[in-house]
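Q: Next up is a structure, given as structure tokens.
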Amino acid sequence: MEDDKELTAHDRISNFGERVLAGGQITRDEAAWLFSLESAADIFDLIAWANRIRERFKGNKIHLCSIVNAKAGNCSENCSFCAQSSYHQTGSPKYVFVDPEPVLEAADEANKNGVTAVGLVAAWKGLNEGPLLDEVCDRIRELKDSGKTRPDASLGIIKSQKVADRLKEAGLECYGHNLESSRRFFPNTCTTHTYEDRLETIGYLKKAGIKICSGGIIGMGETREDRCDLAFSLKEIGANVVPINILNPIPGTPFEKNPPLPPLEILKTIACFRFILPRREIMIAGGRTVNLRDAQSMVFAAGASALMVGNYLTTLNQSVERDLQMLKDLGLDPSWDNHGFSDQEAGGCGCAEPACETNDLVTTGVPDCSA
């Protein structure tokens, strides 16, 4: 058999693509090689195969979600990318946990535009038992009872199984909790809590039966190896939805002078994530308009199967109407099943083997199910 290293880049990419299409996986070393591609021709080869993989495992359905900034500003955490941290002077809005009306209005808007889920997002360290948890559960229950959208939430660190169980009982179906970056790079993003705190939170949520939306931010100064490590960590924890955010440097934050990633580097990253996570919902979230500009529609060719629509927490997005027209122009269908995670049940790692148990693991030391 011809040595893989003697093949052209085109042939290697094709071999990896055929393997993933057939239900196989690529190794960590093979993925790192894909992340290292420099030639535009090779990157477009990679994108073409990522598009095939998306179509094979996700069809033409695109999962849309939106968020409500349910509590803004004065966050006690020092995340270097975030405008809402109390450590940074950014002039972002500040208000306490919202009443029912704005949440239900967001549900109405989502339903009108065919958006699958509305996520309650709060700028605080996390949730503990007490009156605030009661109020959060009320908002989730109201969203659920409206019947207009799937209730999601991103409410920070959880240190108790009881809290996760309460959220599930209230009707929460999916919880957003990004790993942000690789374990190695994470201390550059935050020092007021740890990477292990985030893994522990995900463990409680999974035990409660809540789906996991977890991804990260690219463009914070991490290496391509860090992005590769993040993708494999997300594979290990069995994330159901994987949001890829692109840093939009906010004045007043430590990352305010970070240079923007080139659009082709962003598209390559999305494509690599699709190779590693063929069955997951890969969602393009914050920073796409400012970083991708006229290349936004190419995220789907690069393997994305989900899109965050509407405005972000402290920055603006393009209109939902424009996003819907973009999908229509590409022949993509935003009418994703509101509860449709069934296409991911062939293994949390994205493999085609039903015996793979990676989806039940949340820490390192996950067995290699590619054997």
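The values are calculated or read from the model by the stated rules, or taken from the named source; none is laboratory data. Model, not experiment: these values are computed from the prediction. Ideal geometry is used to build each Cβ from the backbone, glycine not excepted, and the neighbour counts take in all protein chains shown.
Q: Any idea which of Gly119, Gly156 is touching a His at 6+ places or on another chain (Cβ under 9 Å), under 30 Å from Asp323 (Cβ atoms) and buried (at least 16 other Cβ atoms within 10 Å of the Cβ)?
A: Sole residue among the options that is touching a His at 6+ places or on another chain (Cβ under 9 Å), under 30 Å from Asp323 (Cβ atoms) and buried (at least 16 other Cβ atoms within 10 Å of the Cβ): Gly156.
Q: In the stretch 54-75, which residues are surrounded by fewer than 20 Cβ atoms within 10 Å (Cβ to Cβ), within 13 Å of Gly303 (Cα to Cα) and of a type outside the set (Asp, Glu)?
A: Arg56, Gly59, Asn60, Lys61
Q: Something else: Filter the stretch 229-265 down to the residues that are under 22 Å from Cys65 (Cβ atoms), of a type in the set (A, V, I, L, M, F, W, C) and assigned to a helix (DSSP H, G or I) and list them by number.
A: The answer is Leu230, Ala231, Leu234, Ile237.
Q: Is it the case that some residue within the stretch 329-337 is of a type outside the set (Lys, Arg), within 17 Å of the chain's Cα centre (by Cα), modelled with pLDDT under 85 and more than 22 Å from Ala50 (Cα to Cα)?
A: no
Q: Determine if the stretch 214-223 includes at least one residue that is under 30 Å from Ile246 (Cβ atoms), charged (D, E, K, R) and at pLDDT 95 or above.
A: Within the stretch 214-223 (the criterion being under 30 Å from Ile246 (Cβ atoms), charged (D, E, K, R) and at pLDDT 95 or above), the answer is yes, since at least one residue qualifies.
Q: Only one residue in Asp45, Asp138 is outside any loop (DSSP other than H, G, I, E, B), surrounded by fewer than 18 Cβ atoms within 10 Å (Cβ to Cβ) and at pLDDT 85 or above, so which one is that?
A: It is Asp138.
Q: Does the stretch 93-105 include one or more residues that are at pLDDT 85 or above, charged (D, E, K, R) and assigned to a helix (DSSP H, G or I)?
A: No; the residues of the stretch 93-105 include none that is at pLDDT 85 or above, charged (D, E, K, R) and assigned to a helix (DSSP H, G or I).
Q: Same structure, new question: Limited to the stretch 167-195, what total is found for residues that are in contact with a strand residue (DSSP E or B) (Cβ under 9 Å, 6 or more places away or on another chain), without any contact (Cβ under 8 Å) to a residue 40 or more places away in the chain and either farther than 19 Å from Met308 by Cβ or in a loop (DSSP other than H, G, I, E, B) (or both)?
A: Residues that pass the stated criteria total 6.
Q: Considering only the stretch 207-228, state which residues are buried (at least 22 other Cβ atoms within 10 Å of the Cβ) and either of a type in the set (Ser, Thr, Tyr) or in a helix (DSSP H, G or I) (or both).
A: Answer for the stretch 207-228, where residues must be buried (at least 22 other Cβ atoms within 10 Å of the Cβ) and either of a type in the set (Ser, Thr, Tyr) or in a helix (DSSP H, G or I) (or both): Ser214, Arg227, Cys228.
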